[in-house]
Every structure is written in structure tokens, then in C-alpha cells.
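Trainee: If you scroll down you'll find the structure; I have some questions about it.
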């Protein structure tokens, strides 16, 4: 994990990834986040240590309001997809580091799809792709990218070893 964190350019991309999540969750009105530095934890199930990269976690994601479900869900999709989009923009050779984000979104959508009141089923892959496209367009604007970079610089203070 230390090798990854100290690799040239990695921390810059990681900070941008997490800042992108933060910016898009801010759009939803979320302003409070837990900030987790890099850490190692012993996992007795594997009898070894697991590393966790620095990350942010939004607190108190608001529930959707009646009649606003699809807009609310798309905002969440954008917030989760934003990290990978920002990472790939800064480092095109990167996988984006968004596999877990995408999986969490797909699991949440599958749970909503179990609700018998859901008349239109959620296509998580399609919504994820649309969210990525929207974030990509947003980050083509230099003002938006500058705002993201400012947030990344603030997070870096918490993430750097």
C-alpha cells in the first residue's frame, strides 16, 4: 500500500477521485463527511492485514422526496461515478478506482428493483453510463475542474502520509 501511495502522481489522482465524490454529494446538499486516512487493519477472517486507501464518506444522505426518486437516484449515480471519471481524466491509464462505487450502486438499484411498487425497473448499468457521461461533460469545463482541484488540495492535507 505504501508503494501505491507514494507512486508518482497517485496521491494527486486519489485526492481528485475523492474530491469528485465530495463535489457531487455537495450538489445533493450533503456538507458533512467522514474523512478516513490510509490505514491498515487486522482481519481475523484472513489472519492478515488489509489496507484501506484514504477516502471520504458522506454523512446523512437525504431520502428521496415523493415524485423525485429518479432525479435523486441519478444524483447519487453521478456522485458515485464522479470519482472514477475524475481519476481517468487526470490519469488515462488508470482504471479509475471505481469498481467498488459501481458495485455499491448496482446493489442499491437491485434492492429498489425488489420493491413491488417499482413500476419501472432501474437499469443500473445504463444509469451508471449516463452518470459517467454527465460528469465527463461537466469536467470538460475548466471552471468545474478548477473547483474539483481546489477540493482535492483540501483533502490532500488529510490523506498525505
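Trainee: Please determine, by comparing only the residues of segment 59-80 that are part of a helix (DSSP H, G or I) and in contact with a helix residue (DSSP H, G or I) (Cβ under 8 Å, 6 or more places away or on another chain), which one is farthest from residue 10 (Cα to Cα).
Mentor: So the residue we want is 73.
Trainee: Now, a different point. Hey, any hits in segment 36-52 for a residue that's surrounded by 11 or more Cβ atoms within 10 Å (Cβ to Cβ), in a helix (DSSP H, G or I) and out of contact with any strand residue (DSSP E or B) (no Cβ under 6 Å at 6 or more places or on another chain)?
Mentor: no
Let's see how each residue does on (1) loosely packed, with under 12 Cβ neighbours inside 10 Å; (2) without any contact (Cβ under 8 Å) to a residue 24 or more places away in the chain; (3) in contact with a helix residue (DSSP H, G or I) (Cβ under 7 Å, 6 or more places away or on another chain); (4) part of a helix (DSSP H, G or I):
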{"site": "82", "(1), (2), (3), (4)": "no, no, yes, yes"}
{"site": "96", "(1), (2), (3), (4)": "no, no, yes, no"}
{"site": "106", "(1), (2), (3), (4)": "no, yes, yes, yes"}
{"site": "115", "(1), (2), (3), (4)": "yes, yes, no, no"}
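Trainee: Separate question: In this structure, does residue 90 turn out to be closer than 13 Å to residue 16 by Cα, surrounded by 12 or more Cβ atoms within 10 Å (Cβ to Cβ) and more than 14 Å from the chain's Cα centre (by Cα)?
Mentor: So residue 90 passes the test.
Trainee: Got at least one residue in segment 1-18 being in contact with a strand residue (DSSP E or B) (Cβ under 8 Å, 6 or more places away or on another chain) and modelled with pLDDT of 95 or more?
Mentor: yes
Trainee: Still on this structure: Within segment 93-107, can one find any residue that is at pLDDT 95 or above and more than 12 Å from the chain's Cα centre (by Cα)?
Mentor: Looking for residues that are at pLDDT 95 or above and more than 12 Å from the chain's Cα centre (by Cα), one finds at least one in segment 93-107, hence yes.
Trainee: Also, I was wondering about something else. Which one of 59, 155 is under 19 Å from residue 18 (Cβ atoms), surrounded by 14 or more Cβ atoms within 10 Å (Cβ to Cβ) and in contact with a strand residue (DSSP E or B) (Cβ under 8 Å, 6 or more places away or on another chain)?
Mentor: Answer to the selection: 155.
Trainee: Residue check: is residue 140 touching a residue at least 40 places away in the same chain (Cβ under 8 Å) and more than 15 Å from residue 77 (Cβ to Cβ)?
Mentor: no
Trainee: Now for a different question. Going through segment 24-35 one residue at a time, which ones are out of contact with any helix residue (DSSP H, G or I) (no Cβ under 6 Å at 6 or more places or on another chain), in contact (Cβ under 8 Å) with a residue 12 or more places away in the chain and either in a helix (DSSP H, G or I) or surrounded by 15 or more Cβ atoms within 10 Å (Cβ to Cβ) (or both)?
Mentor: Result: 27, 30, 33.
The values are calculated or read from the model by the stated rules, or taken from the named source; none is laboratory data. Nothing here was measured: the structure is a model prediction, and the numbers come from that model. Virtual Cβ from ideal backbone geometry, glycine too; neighbours counted across all protein chains shown.
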